[in-house]
Amino acid sequence: MRYLLGFILSLLVCSALMAQKQTMVYLEHSETLSFDEELHPDAQLLKGNVIFRHDSALMYCDSAYFYEKTNSLDAFGHIRMVQGDTLRGYGDILFYDGNRRFARLRNNVRLEHTTTILLTDSLNYDRQADIAWYFSTGTIIDNGDTLSSYWGQYTPYNKQALFKTDVLLTNKKFNLMADSLKYNTDTHIADLVGKTDIVYDKETHIVSNLGWYNTNTEQSMLLERSTVTHNDGKSMVGDTIYYDKKKGWGKAIGNIQMRDTVNKVTLYGNYSEAWENNEKGFATDSALLVDWSEDDNYTYMHADTLFSESVVEKVFTLSPRDSVLIDSVMVAVQPDTLWSDTDFHLIRAYHGVRVYRSDVQAICDSLAYYSKDSIMHLFGDPVCWNEDQQMSSDKISVYVKDGTVDYVHGEGNALVVKQESSKRFDQMSGKEMKGYVKDEKLSRIDVNGNAETIVFPREEDGSYIGMNRTQSSYVKLYIKDEQIDHVVFTTATTGVMYPLEGLSDEKSHLSGFFWADDERPKKPGDVFLRPQKTQRPEKTALSATDNEDDKKKKEDKNTNRNTKNNRLSNRRH
């Protein structure tokens, strides 16, 4: 075993010696050759079109000191190094060590490799390792990209460059600034290995600490909480961002934020995509939209998926010309005068929607908000709350005016509930309902069509009188200091006052009654909760569009159908 180990070690030593095998530097040409034993005892003094050869490399200069014993040379004037067909080096001074295959070029240095050019004043080139580096400011020019730094390194065999300290990459589209940067002149991919800023003039600013950026395709992968910011006020932040500048598309993964400072909206989540040209984006996985357009009343919205986009529409406007107001007859003649492009903001939310703001809270299955009309539409078992009032309907629309809720409109199976005590609830139901908000509190409720009410009136001392149940076609209920102030009914109204003793749920609850306070978001963080859904009663089929005649026709039609089915059944038997 000892002899075997010794043999293996001998092989390794021989291999190392072969790898370090030295070759001689040869003088190929010189117009004059002389010696100066006093000043340069070991040197040959060469002048005029001097040429050296070492392995596959040729070195040209005006004059040189050639140290044959040490296999080295000092060359001066019009230096030119040629290695193969692809690598050339230029400068004013060259110090070359043939044993180490090591070259030092100084003053006006230029290194050319295929289409890549490196410019500096001091360059060292290790031919054995095929690595060139500078240490007192240098510039690499490649395919329209210009990279400069204080220190830089370039390896011709794999076309990989490394830059450190005051790194600047420029081209006709953007500037890249970094402390450190790796760049491949073949793939045109810049590896970001430190804080990096990529700036497109008047367009986009990218900030990242880790990732890569392709200067040719303008595609990138950005890591470690990177940011893409546009001058139109939109930005994207995420743990990982995939960004395609040419296509105007970005994808963010992990703790993302999509911010719009113009519309004052921020979209959060763990996965998002955005399209710059269409000005739209979506977020999912813990998605949250925060509308901070009102300084004192933020809106928080959560859903499985949230969409946000800008919609451009032509808006009709009348404008004066020659002191005469142009009317709509002139639209075909001078349309530019009457129509203008206007941006509106559209927000859509799907599945498990929960909304919180100080003046109203809501839940539903899907939602749409359009800034053009400032209306929020809720679909799929929607429920809204204001103070201690609960409103539900087949569809609910929340109308916003001057940044605050103006009124809430429920269509189809509309119901309003207000809890009076643990077991008593004031209730109103009908086909259609509007709740008007004043100073962030519900001030009036209008019910239209098959209106039913249950209220628990009180004496002046606060004690309950009983329960009043009414039926009417139309009702107006006014609220003051969070209590019912007075109620206005239509003339054709029926009502009964019941004593409180012995009241059953059937009498004290309207047919569509339910109380979903456990589902209500009561603070911003509650939008992420998933409470158990309160059991809803069966729909009472109070459509907002049906009138009494339609209802009668439907009932007659169902009666005739049932009679016909019974006759057929009797014949079979």
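No lab work stands behind these numbers, since they all come straight from the coordinates. Only a predicted model underlies this, so the values are computations on that prediction, with no experimental measurement involved. Quick reminder, even Gly has a Cβ in these numbers, built from the backbone with ideal geometry, and neighbours come from all protein chains shown.
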- Report the local net charge at GLY254: Lys and Arg +1, Asp and Glu -1, summed over other residues whose C-beta lies under 13 Å from its C-beta. -1
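Chymotrypsin sites (Phe, Trp or Tyr not before Pro) within the range 364-444: which are DSSP loop residues with at most 14 other Cβ atoms inside 10 Å?
Sparse-neighbourhood loop chymotrypsin sites (Phe, Trp or Tyr not before Pro): none present.
Please report the projected area of the range 22-125's Cα convex hull averaged over all directions, in nm².
Numbers: hull surface 24.9 nm².
The orientation-averaged projected area of the Cα hull of the range 22-125 comes to 6.2 nm².
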- Item | Cα centroid separation - the range 374-433 against the range 270-288, whole Å | 30
- Task: Note down the relative contact order for the range 153-229 as a percent, whole number, built from C-alpha pairs under 8 angstrom at least six residues apart.
- Result: 21
- Note on the structure: Amide H proximity to TYR498 below 5 Å, modelled H, separation 5+ or other chain, gives MET467, ASN468, ARG469
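List the relative contact order of the range 384-556 as a percent without decimals, with contacts defined as Cα pairs under 8 Å and 6+ residues apart. Don't jump to the answer; show the numbers that get you there.
Working: 354 pairs, mean separation 29.8, N = 173.
Once divided by the residue count of the range 384-556, the mean separation gives 17 percent.
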- Query: Cβ under 14 Å from LYS533's Cβ, LYS533 left aside: what net charge do those residues give with Lys, Arg +1 and Asp, Glu -1?
  - Reply: -1
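Kindly identify the range 384-556 as rounded, prolate or oblate by the Cα gyration tensor criterion: order the square roots of the eigenvalues as a ≥ b ≥ c, call it rounded if a/c is under 1.5, otherwise compare a/b with b/c, prolate if a/b is larger, else oblate. Show your work: numbers first, answer last.
Numbers: a/c = 1.34, a/b = 1.09, b/c = 1.22.
Note, shape of the range 384-556 comes out rounded.
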